[in-house]
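The values are calculated or read from the model by the stated rules, or taken from the named source; none is laboratory data. Small disclaimer: the values here were computed from a predicted structure and weren't measured. Cβ placement follows ideal geometry from the backbone for every residue including glycine, while neighbour counts extend to all protein chains displayed. Each accessible area value is taken on the protein alone, full model and side chains, heavy atoms only, with ligands, DNA and RNA left out. Shrake-Rupley method; radii C 1.70, N 1.55, O 1.52, S 1.80 Å.
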2 protein chains.
Amino acid sequence: MRLNFCAFLVASGAAMLTGSLTAAADDPLPSWNETATKQSIVAFVEKVTQPGSPDFVPADERVATFDNDGTLWSEQPYYFQLAFALDRVKAMAPDHPEWNTKQPFQGVLEGDLKAVMAGGKKSLIEIVAATHAGMTADEFEQIVTEWISTAKHPQTGRLYKEMVYQPMLELLAYLRANDFKTFIVSGGGIEFMRPWTEATYGIPPEQVVGSSIQSRYEVRDGKPVIVRLPEIDFIDDKEGKPIGIHTHIGRRPIFAAGNSDGDWAMLQYTTIGRSPSFGLIVHHTDADREWAYDRESHIGQLDKALDDAEQKGWTVVDMKQDWKVIYPAK
Amino acid sequence: MRLNFCAFLVASGAAMLTGSLTAAADDPLPSWNETATKQSIVAFVEKVTQPGSPDFVPADERVATFDNDGTLWSEQPYYFQLAFALDRVKAMAPDHPEWNTKQPFQGVLEGDLKAVMAGGKKSLIEIVAATHAGMTADEFEQIVTEWISTAKHPQTGRLYKEMVYQPMLELLAYLRANDFKTFIVSGGGIEFMRPWTEATYGIPPEQVVGSSIQSRYEVRDGKPVIVRLPEIDFIDDKEGKPIGIHTHIGRRPIFAAGNSDGDWAMLQYTTIGRSPSFGLIVHHTDADREWAYDRESHIGQLDKALDDAEQKGWTVVDMKQDWKVIYPAK
C-alpha cells in the first residue's frame, strides 16, 4: 500500500510536470494575445516545418530577417543610435573646445536639438563622422558596449537595451526553435548593433546586417587593427535592404519583419512571387504603453507599406491589440 | 553454457564495435599523415575546446576562415573561376558575333590564351564583366550551378568540384564537430562560390565571403530581382580579407588557413597579438599528385608568407609529406 501510494505520487507528480511543460510548449508566444496575428504566425511556422507538407521548407532555407529600430526595440523620440551619437558628442567635448561655438556640435552641447536639425542631413553626417569614425573597430566596440550597458531612455528610465519588445524576443526564439536562422537587417550601423545583439536578441554578430562606414586594415605598433573611416560605405535601408541581404546572406528570406516604409523593399523581396513566405509589419498603435505613430512620423514612417499590406498578404501587428506586454519584466 | 557463450559473443562483438568506432573517433583526420602538422592542429583544437583550459575559447567565438583557391581546391593552371569565365565566353559567343574579331574575346574563342593575357588586367575585367554581369542573381546562380555540375578539368578529367582536398574536407568537418563556425574568405567571386559550397564543403552561402560586383534591386514584370552590374564592388584579397571578415563576420577568427601571399593579411589579423590562435598555410609541394609551386608562381604566389611562417608561428602543410591523399575517392 505504501508503495502504491508512492507510485501514485510519482505518477501524478509526473503528470503535473508534463502538464505544465506541455502548456508552455503549446504556447511559444505567451506575450501575444490570441488574435489572428498570432494564429497566422503559428500557422506559417507549422506548415513550413511539417515534413510532407506541400509548404515544407528545408531547415537551411529557413532564413528570417528582422529590422531593428521600431521592430525589435523602440525608436522614439528618435533612433537610439542618435541618442548614442549625442551622448558621444558630450563625452568627447572636453577634447574639442571648438565645438562650443560650432554647429551642429554647439546645439548638441546646449541641448538645442532644433539648431542641430536645422543643419539637416549634412549635420547628422558630421555628427556621425565625429562620433563613429577615427578609432579602431575594437575601440568603437568598447565605446558602444559601455554606452549600451548604462545609457537610459529619458522618458522610460529604462536602459535602451531593455526597450526591446518581449513579444518579438519570443518570436525570435520560436523561429530559432523551429530551425530558422534569424538575422537583423537594419538601417542602423552594423558595428553599433553587433556588440550587444547576441546577448539581447540571441543574434550573433555574423547574422547582423546594417549600414556601414568604410574601414581600412593596418598594423599599428605591431598589432593588426581595423580603422573606421568617416566615409559612408553602404546604407542598408529601402532598396538597400535586399542588396544587404543578398550580399551578406546570399539567400532570399522566407520570413521578414519590419515596421516602416524603409522595410517595404525587404518585405517585397521576401514575399512577392515566393511561396511559402511571410511578411510582418509592426504597427505602433499603443500611445499608452509605447508610442502611436505611422503615416506622418519623421521616425519610422509607415505609409506605403501599410497601404499595401492587405493586397500583398503581409500580416500587420497591432501592438495595442496583439501584445500583452511591450517590454520584458525588469 | 549456451547463454554464457551468447553473452561472450555479444560482449566481444560489442567490444569490437566499440573498438572500431573509437579508432574512427580517435582519428578525425584520417587522410593526414602522423606528422607534426597534424599534431599541431589537433593540439590546438583540443586546448581551445577543453573546459577549464587556460586556452579555452567559448563556442561562439570559434570562428575559422578558409581561403578557397589553392587552400580548399586546386587552382592550376589558372583559377577555376577563369575556366568558368572562358567557358562562358564560348557559350555566349553565338549571341556576340563581334567577339570573333575583338580581343580579348577572339583569343578565348581561338584558344589563344597568350592573346588574352596580353591585355592584362583590363582584358580580364572585360571578360568578367561580359560573363558575370548583365543578368539577375538567380540567373547567375543557375549558370554557375550548371557549370560546376558538369565542367571538367582538362588535365585530371575530374569535375572541378571534385578537385577539392580530402584532408581539408576532414579539417572543416573536424572543426565543426568541435563547434567551430567555418567560413570561406576568398578572392574568388562570392556569387561564384555560394551555389555549391554548402554541398561541397558544408559551408552555407551566408558563411561565404568573397569578391563582389555591384548590384541593384529592382522589380521586373512584378518580380523582385537583384541585377548584377559590371562594376567591381569589393576585392576580398590581401588587406581586403581582414576587411571582408570584419564586414561579414564581425569577429576576429581564431583559426585561418590560406596558401598564398594573398592570405598574409588574414593570417596576420587572425594570429598576431591574439592567443590562442592558429594560422595554417597549404604549401603546394606535390608535383606528382597535384602541383608544386610557390615563390615564382603567377597563380597562388607564396613568398612573403612562407618566409614569415616560422617567426609568426604559422603551421605550414607540406602537401607531399602531410597528406595521404589529395582528392576524394571518386
Q.
Give me the dipole magnitude in Debye, nearest 20, for the protein assembly as shown about the Cα centre, with unit charges on the beta carbon: positive for Lys and Arg, negative for Asp and Glu.
A. 860
(Q) Could you tell me how many cubic angstrom of Cα convex hull volume region B:92-244 has per residue? (A) 156
Q) Using the C-alpha atoms of region B:198-330, what convex hull volume per residue, in cubic angstrom, is computed? A) 167
Q. How big is the Cα convex hull of region B:52-131 in projection, averaged over all directions, in nm²?
A. 8.2
Q.
Taking 8 Å as the Cα distance limit and 6 or more residues as the minimum spacing, I'd like the relative contact order of region B:196-279 as a percentage.
A. 20
Q | C-alpha long axis of helix A:120-132 to longest principal axis of chain A, angle in ° | A | 80
**Q.** Overall dimensions of the protein assembly as shown as given by Cα atoms, namely Rg and Dmax in Å
**A.** 28.0, 101
Q. Can you pull the accessible area of residue A:174 for me, 1.4 Å probe, Å² to the nearest 10?
A. 20
Q.
Counting only other residues whose beta carbon sits under 12 Å from that of residue A:270, what net charge do I get with K and R as +1, D and E as -1?
A. +3
Q: Diagonalise the Cα gyration tensor of region A:231-294 and give the resulting equivalent ellipsoid semi-axes, square root of 5 times each eigenvalue, largest first, whole Å.
A: 24, 17, 8
Q: Over the alpha-carbon set of chain A, divide Rg by the Kirkwood Rh and report the Rg/Rh ratio to two decimals.
A: 1.04
**Q.** Descending semi-axes in whole angstrom, ellipsoid equivalent of region A:137-218, from the Cα gyration tensor
**A.** 22, 19, 10
Q.
Skipping prolines and chain starts, which residues have an amide H placed within reach, meaning under 5 Å, of the one on residue A:134, given they are 5 or more residues away or on another chain?
A. A:228, A:229
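With contacts defined as alpha carbon pairs under 8 Å and 6 or more residues apart, what's the relative contact order of region B:48-171 in percent?
Normalised by residue count, the contact order of region B:48-171 is 23 percent.
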Q | Using a Förster distance of 41 Å, the FRET efficiency for residue B:307-residue A:125 (Cβ separation, nearest 0.05) | A | 0.40
Q | As computed over region A:180-275, the Cα convex hull volume per residue (Å³) | A | 113
Q.
Are there any residues in region B:195-240 with a reduction of at least 50 Å² in accessible surface when going from the isolated chain to the assembly of protein chains? Probe 1.4 Å, please list them by number.
A. B:206, B:217, B:224, B:226
Q) Please identify the chymotrypsin sites (Phe, Trp or Tyr not before Pro) of region B:43-138 that satisfy two criteria: DSSP loop assignment and at most 13 other Cβ atoms within 10 Å. Which are they? A) B:56
**Q.** Summed residue charge, Cβ within 15 Å of residue B:51's Cβ, Lys/Arg positive, Asp/Glu negative
**A.** -3
Q) For chain A, what relative contact order do you get, as a whole percent, if you take Cα pairs closer than 8 Å and at least 6 residues apart? A) 21
Q) Residue by residue through region B:183-189, which ³J(HN,Hα) values in whole Hz follow from phi under the Karplus form 6.51 cos²θ - 1.76 cosθ + 1.60 (θ = phi - 60°), with glycine and proline marked x? A) 10, 9, 10, 10, x, x, x
Q: May I ask for the equivalent-ellipsoid semi-axes of region B:264-328, computed as the square root of five times each C-alpha gyration tensor eigenvalue and listed largest first in whole Å?
A: 23, 14, 9
Q: Please list, in chain and number order, the residues 5+ apart from residue B:185 or on another chain whose amide H is under 5 Å from its amide H, with Hs placed from the backbone.
A: B:66, B:67, B:68, B:209
Q: With a 1.4 Å probe on protein heavy atoms only, work out how much accessible surface A and B bury together, total over both chains, in Å² to the nearest 100.
A: 3000
Q) How far apart, in nm, are two points set 7 Å out from the Cα along the Cα-to-Cβ line at residue A:229 and at residue A:173? A) 4.3
(Q) How much accessible area per residue does region A:273-330 have, counting only protein heavy atoms and a probe of 1.4 Å, in square angstrom? (A) 52
Q. Using 7 Å Cα-to-Cβ label points, what is the residue A:98/residue A:39 separation (nm, one decimal)?
A. 6.4
Q) Per q in 0.15, 0.19, 0.28 1/Å, what log10 I(q)/I(0) does a Debye calculation on the alpha-carbon atoms of region B:104-170 return? A) -0.72, -0.99, -1.05
Q. Which percent of the accessible area of region A:141-266 is formed by carbon and sulfur heavy atoms (probe 1.4 angstrom)?
A. 48
**Q.** Using a 7 Å Cα-to-Cβ projection, residue B:162 label spacings across copies, nm, ascending
**A.** 6.2
Q | Furthest towards positive pole of dipole, B:305, B:285, B:240, structure part region B:180-330, Cβ charges | A | B:240
Q. Of A:304/B:223; B:161/B:238; B:114/B:330; B:181/B:330, which sit over 30 Å apart, Cα to Cα?
A. B:114/B:330
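Per DSSP H run of at least 4 residues, take -39500 (n - 2.57); add these up for chain A, divide by its residues and hand me the 222 nm value, nearest 500 deg cm²/dmol.
Mean residue ellipticity, 222 nm, calculated: -13000 deg cm²/dmol.
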